[in-house]
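The values are calculated or read from the model by the stated rules, or taken from the named source; none is laboratory data. Treat the numbers as computed from the prediction; the structure is a model and nothing was measured. In this analysis, Cβ positions are derived from the backbone assuming ideal geometry, glycine residues included, and neighbour counts consider all displayed protein chains.
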Amino acid sequence: MSELSVKHLLGIKYLNKDDLKLIFKTADHFKEVINRPIKKVPSLRDITIANLFFENSTRTKLSFELAEKRLSADVINFSSSQSSVAKGETLVDTVNNILSMKVDMLVMRHPNPGAGVFLSKHINASIINAGDGAHEHPTQALLDSYSIKEHLGEIKGRNILIVGDIMHSRVALSNIFALQLQGANLMVCGPKSLIPKYITSLGVAVETDLRKALQWCDVANMLRVQNERMDMSYFPSTREYTQQFGVTKTLLDSLDKEITIMHPGPINRGVEITSDVADSKQAIILNQVENGVAIRMAVIYLLASKIK
């Protein structure tokens, strides 16, 4: 397969196995590019991309911007706090105004689940979902899968654990879809109040004992508690959460095998993982960040090749 089956990247659930293989193969090529002395290719010289961030972001926004510039695209950045959205303009009107400036592709982060899907029905440009509320974050799941593959060689049959605030996490859902597509076994672990009821219907195991969960897994993806998405308290205190669901070096060393630690960032050091875990050789957190640029270059390049 030489092209993606989709026009937009709205979520992992719209992709198939061949799409993932193609994205990873393309990312291999771009990873080699970004490790050269000259880190740029002229692939998208005639493409204009708008980054629309209706929610705060550091890593994802920088990663997309860097990926776009490495591909030689023209880039415009939009932040809703400094825009007419603050004056009451609708999403479709805002985007149509941007597109009338001859923009070919949009990278959008939005607090409302389904914002990208809604927009794709109203506009012609290609859309990449950079996170929609607590729904999906497809490029994060792709870079996570790519990082596991690079580190362990194979995803099929691996035991992957996701720990923390599953309910409010778009990373968790996208990862579940991506990893299952590649034949991994999935388990989630966290306070019962932060594990959604539907999770078992996705074929995901649930474990509330962190030690048992870590003993089962090959890879543990640690999520932060998303306080900004909570309208009530889901557990007694941060201290209690850390005691039950925080990963320490002592806990890791007491397991009878070495597991790989991941984190999508931002890390709350001392809450979900301690500093000595985040900075240990078992953690591939900085590899994830590096791979994020290559994966986003691959996605942008493959979607741009479908723009007629």
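Observations on the structure shown:
- Any hit, segment 39-49, residues being of a type outside the set (F, W, Y), more than 17 Å from P138 (Cβ to Cβ) and touching a strand residue (DSSP E or B) at 6+ places or on another chain (Cβ under 8 Å): yes
- Within segment 13-72, considering residues that are among the acidic types (D, E) and either assigned by TED's automatic domain parsing to the domain that holds I267 or farther than 20 Å from M108 by Cα (or both), the one farthest from the chain's Cα centre (by Cα): D46
- L252 meets each of the listed conditions (1) over 21 Å from the mean Cα position of the chain (by Cα); (2) in the same structural domain as E65 (by TED's automatic domain parsing); (3) of a type in the set (A, V, I, L, M) apart from (2).
- Looking only at segment 273-305, residues that are touching a Leu at 6+ places or on another chain (Cβ under 7 Å) and either assigned to a loop (DSSP other than H, G, I, E, B) or among the small types (G, A, S) (or both) come to 3 in all.
- Of all residues in segment 132-160 being farther than 25 Å from H29 by Cα and buried (at least 24 other Cβ atoms within 10 Å of the Cβ), the one that is modelled with the highest pLDDT: I160
- Test: residue in segment 191-198 that is surrounded by fewer than 21 Cβ atoms within 10 Å (Cβ to Cβ), among the charged types (D, E, K, R), within 17 Å of V271 (Cα to Cα) and out of contact with any Pro (no Cβ under 9 Å at 6 or more places or on another chain): no
- Among the residues of segment 79-101, none qualifies, meaning not one is closer than 27 Å to E32 by Cβ and crowded, with 17+ Cβ neighbours inside 10 Å.
- Residues of segment 1-16 that are β-branched (V, I, T) and either assigned to a loop (DSSP other than H, G, I, E, B) or at pLDDT below 95 (or both): V6 alone.
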